[in-house]
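Just so it is clear, none of the values below were taken in a lab; they were calculated from the coordinates. These numbers were taken from a predicted model, which means no experiment stands behind them. Cβ sites come from the backbone with ideal geometry, for glycine too, and all protein chains shown count toward neighbours.
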Amino acid sequence: MKSCLFCGRSAPDVKMTGEHVLRRKLVHQVLWGAPKTRTETRLRGFDSASTYGTGWGQYGGTSASAPIIAATYALGGAMLGGTYPNSYPYAHTDSLNDVTTGSNGTCEPSYLCTAKPGYDGPTGLGTPNGTAAFSSGPAGTLSGTITETSTGKPVSGAKVGVTGTSSMTTTTNPDGTYRIRLAASRYDIEVSAFAQADKTTRDVTVSADTTTTADVVLAAVPLVTVSGTVADASGHGWPLPAGIVVDNGIPGGPVHSDPVTGKYSVRLPVNGRYTLHVTSSFPGYQERDVTLTTKSTSTVRDVGLTASPVPTLGSAPGYTQKSDSRNEPFDAATMPAGWTVDTTVGDPWVVDNTSGNVTPGSGGFA
């Protein structure tokens, strides 16, 4: 072995960066298919012929290893949602050629530069023997349709969460269908949607190279009306146009208050806790969050927005920034009349100029 290109690397722990001692034909076979001859030589670069007639040259480094390892993963097949591809080689060490002898110098600890059976610093888990080590393993497909119980209509945009050997979340298509590729195993399926009761289906088996169907029917939850008026809360009290975003999502949201009356209205499921994020369409007003719990009857919740005192946010219509003309330049070397120093919190102020005035003005400073 030559230099240790990957000492201190984090992942993946499989040497895939080439070495010119491999015959050009074998290098091509290793990169684009299973080698015809088993080799214990780690890839640490590759040979390339120049089109300018300068002959063969050797190239290596991470800029070479990155596309090589990416291509090898691609040859290993589709990656599964909810899995971590850099963990695949650790689960398939029998599909790697373990480099057990050799070193690339001396170091402390020696593990970092000396090969040994199993994982070690310079050779990681070994070299590829085909592409099986870069595959997720046996996998199947989970699919189904989410419908609403009373009407039988498909539920679009429903959240489908799968937990088990691997975990993944998807949303249903406009026709209520979903489709997820998963490792062969058993899973729990959790489905939720706006204005529908959550539902969990447990111990669904996904088999290798097959499609498992898991349809779910959701029960509708009654809706109630939440309404009110968005208005100025800094003195004028006039109605405001505003956008209202509700936590847990409303299909087609956000909703907007009437630009003339400030009135808004949303339909939300009963017995739920929601947060309304209210943002004025006019500049200069602070955003406000309002939390409420819906009951079995309609709820009225008015929202007042406060004009911002921060000039960078702009001035709300009908308001202006102005000063009361009171200021203190701290020109004297003593504390001005009416000022006291609180020594209980932080470092106390000291009014002097022993360090010289480093401000643009003149006189003392605090």
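Under a 5 Å amide H cut-off, with hydrogens placed 1.01 Å from N, K263 pairs with V230, D258 among residues at least 5 apart or on other chains. With an a/c value of 1.5 or above and a/b larger than b/c for the gyration tensor axes a ≥ b ≥ c computed over the alpha-carbon atoms, the range 139-218 is described as prolate. Listed values for the range 186-192 are Karplus-derived 3J(HN,Hα) couplings in whole Hz (6.51 cos²θ - 1.76 cosθ + 1.60, θ = phi - 60°), namely 10, 9, 9, 10, 10, 10, 9, and x replaces Gly and Pro.
Between V300, L276, A233, the Cα set farthest toward the positive side of the dipole of the range 223-313 (charges on each charged residue's Cβ, about the Cα centre) is that of V300. Size check on the range 223-313: the Cα extents along the three principal axes, sorted descending, read 42, 21, 20 Å. Backbone phi angles across the range 152-165, fed through the Karplus curve with coefficients 6.51, -1.76 and 1.60 (θ = phi - 60°), yield HN-Hα couplings of x, 6, x, 9, 7, x, 5, 8, 10, x, 10, 10, x, 4 Hz in residue order; Gly and Pro are listed as x.
By other beta-carbon atoms within 10 Å, ranking S135, S298 with the fewest at the front produces S298, S135. Look at C107, C113 and count the other Cβ atoms within 10 Å of each Cβ; fewest to most, that gives C107, C113. For E108, E328, the sequence from fewest to most other C-beta atoms within 10 Å is E108, E328.
Can you pull the Kirkwood radius for the range 96-255, inverse mean 1/r over Cα pairs, to one decimal in Å? Spell out each step's value before the answer.
Working: mean 1/r = 0.0483 Å⁻¹.
Radius from the Kirkwood sum: 20.7 Å.
For S308, the amide hydrogen comes within under 5 Å of the amide hydrogens of Y285, Q286, A316, counting only partners 5 or more places away or on other chains and with H modelled in the peptide plane.
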